[in-house]
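K.L.:
Structure provided below as structure tokens; questions to follow.
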Amino acid sequence: MQKKFPRPLLIFYILVAYVFIQFCWWAYSLVQLNSEIYELKLEILKLAHEGSPEILIEKGKLDQKLYSRIWMVLGEGSVFFILLAIGVWQTLRSFRKEVSLARQQKNFLLAVTHELKSPIASAKLYLQTLQKRELDREKQNEILAKAIADTDRLGSLVDNLLLATKIDRSDYMLHFEELNLSDLVTQIVATHPEKKRIKTEIQQSIKMHADKLALTSIVLNLLENALKYSEQNIAVKLQRDKTILLSVIDSGPGIPDEEKQKVFEKFYRIGNEDTRKSKGTGLGLYIVKNLAERHNGAIYIRNNQPNGSIFEIEFLA
């Protein structure tokens with residue numbers, strides 16, 4: 001389906017074209033007017049000083065005035081044109097930024113609506129099943145575990161929404177303490193609902209000065225992102241040399257090079273929310289990047305071979 005051209009942008013282009021045409025017309029008219037005045041004064045000069053040598057001096061003065069006025073029109077016109085071009089460029093840039101933000105927010109609202117309704121409806125169905133049917137103890141425990149998993153998913157979504165809001169506030173503070181990062185990552189993986197799909201390679205006794213909740217959020221969001229896009233197992237690596245390197249490796253479809261920096265923007269998700277099948281809100285990687293930078297770290301995306309992505313966070317040791 002062909003995208004509809006935005007009406008405000010069309011009106012803006014028409015207005016800019018009108019201003020430019022009018023500018024060229026008035027510049028041409030001013031030059032023509034000066035030329036006509038020059039010709040008229042030259043005729044008067046010939047009548048007043050016919051046969052006199054002063055006519056050459058006066059004509060030279062008239063020529064100088066004509067050229068100076070023409071250059072003045074061209075100079076001021078050039079300045080006006082440059083300012084107009086800069087204004088148009090800045091306006092288009094702001095317009096496209098606002099359109100992009102509005103589209104991302106729309107996608108975010110669609111995603112959040114789905115992400116909120118899905119676990120609530122699922123948990124409700126499980127509880128209704130327990131209420132209406134007589135099941136053996138093993139089946140009850142299985143249904144309760146699934147309902148708890150749905151509420152955990154809902155809680156994780158709410159936590160991300162609150163954390164993203166806090167990150168945007170200038171007064172958001174982290175509480176740093178000495179942490180055993182190796183134990184923290186091991187514990188997060190061991191208690192994850194999909195721990196069977198997560199392979200680990202963790203160097204022991206890696207410690208760093210960090211905020212425990214923030215580091216937990218970083219690891220969880222990286223795991224959720226990798227598991228979401230990969231049908232196969234994922235890998236988590238933690239090692240220390242000159243720096244501390246945390247890597248999460250998946251074998252999903254990968255991320256195009258032109259999208260690698262965009263995925264860290266707030267609300268940004270590859271594709272369109274109406275056709276996208278994977279769950280998510282576009283906040284996870286935004287949170288990861290911001291929290292990593294607050295820990296004096298940097299995040300990179302590399303291509304995994306033969307397919308997939310490698311998310312690496314490098315913390316200064």
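K.L.:
Quick one: which residue in LEU144, LEU109 is more than 15 Å from PRO193 (Cβ to Cβ), of a type in the set (A, V, I, L, M, F, W, C) and assigned to a helix (DSSP H, G or I)?
P.N.:
Just a single option satisfies the conditions, and that option is LEU109.
K.L.:
Residue check: is LYS260 out of contact with any Lys or Arg (no Cβ under 8 Å at 6 or more places or on another chain) and at pLDDT 90 or above?
P.N.:
So LYS260 does not fit the description; no.
K.L.:
Scan ALA210, ALA190 and give me the residue that is crowded, with 16+ Cβ neighbours inside 10 Å and either among the aliphatic types (A, V, I, L, M) or modelled with pLDDT of 90 or more (or both).
P.N.:
Just one listed residue meets the conditions, ALA210.
K.L.:
Any residue that is surrounded by 14 or more Cβ atoms within 10 Å (Cβ to Cβ), touching a strand residue (DSSP E or B) at 6+ places or on another chain (Cβ under 6 Å) and not small (Gly, Ala, Ser) - is there at least one of those in the range 132-152?
P.N.:
Scanning the range 132-152, I find no residue that is surrounded by 14 or more Cβ atoms within 10 Å (Cβ to Cβ), touching a strand residue (DSSP E or B) at 6+ places or on another chain (Cβ under 6 Å) and not small (Gly, Ala, Ser), so the answer is no.
K.L.:
Let me ask you something else. Which is at pLDDT below 70, basic (Lys, Arg) and surrounded by 10 or more Cβ atoms within 10 Å (Cβ to Cβ), of LYS59, LYS41?
P.N.:
LYS59
K.L.:
A further question on this structure: Any residue in the range 6-26 that's assigned by TED's automatic domain parsing to the domain that holds PHE81: show its pairings with residues that are assigned to a helix (DSSP H, G or I) at Cβ separation under 6 Å, as long as the two are six or more apart or on different chains.
P.N.:
VAL16/VAL88
To keep it simple, each residue is scored yes or no on (1) more than 24 Å from the chain's Cα centre (by Cα); (2) of a type outside the set (S, T, N, Q).
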site: THR113; (1), (2): no, no
site: LEU116; (1), (2): no, yes
site: PRO119; (1), (2): yes, yes
site: LYS132; (1), (2): yes, yes
site: ASN141; (1), (2): yes, no
site: ILE167; (1), (2): no, yes
site: PHE176; (1), (2): yes, yes
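K.L.:
Follow-up question, since we're still on this one. I'd like the full set of residues that are in contact with a strand residue (DSSP E or B) (Cβ under 7 Å, 6 or more places away or on another chain) and of a type in the set (Gly, Ala, Ser), limited to the range 156-182.
P.N.:
SER182 - this is the single residue of the range 156-182 that is in contact with a strand residue (DSSP E or B) (Cβ under 7 Å, 6 or more places away or on another chain) and of a type in the set (Gly, Ala, Ser).
K.L.:
Given the conditions (1) within 30 Å of the chain's Cα centre (by Cα); (2) not in a helix (DSSP H, G or I), report the number of the one that THR200 does not fulfil.
P.N.:
Unmet for THR200, out of (1) within 30 Å of the chain's Cα centre (by Cα); (2) not in a helix (DSSP H, G or I): (1).
K.L.:
Here's a check for you: in the range 263-286, which residue that is of a type in the set (D, E, K, R) and surrounded by 14 or more Cβ atoms within 10 Å (Cβ to Cβ) is modelled with the lowest pLDDT? Show your work before the answer.
P.N.:
Keep residues of the range 263-286 that are of a type in the set (D, E, K, R), which gives 265-266, 269, 273-274, 276-277, 279.
Imposing the further condition that a residue be surrounded by 14 or more Cβ atoms within 10 Å (Cβ to Cβ) reduces the set to 265-266, 269, 273, 276, 279.
Values: GLU265: 81, LYS266: 77, ARG269: 69, GLU273: 46, ARG276: 50, LYS279: 63.
It comes out as GLU273.
K.L.:
While we're on this one: Just checking, how many residues over the range 163-187 are in contact with a Ser or Thr (Cβ under 8 Å, 6 or more places away or on another chain) and either of a type in the set (Phe, Trp, Tyr) or surrounded by fewer than 15 Cβ atoms within 10 Å (Cβ to Cβ) (or both)?
P.N.:
Result for the range 163-187: 1.
The values are calculated or read from the model by the stated rules, or taken from the named source; none is laboratory data. A quick note: this is a predicted structure, and the numbers were derived from the prediction, not measured. Note that we place each Cβ from the backbone using ideal geometry, even for glycine, and neighbour counts take in every protein chain shown.
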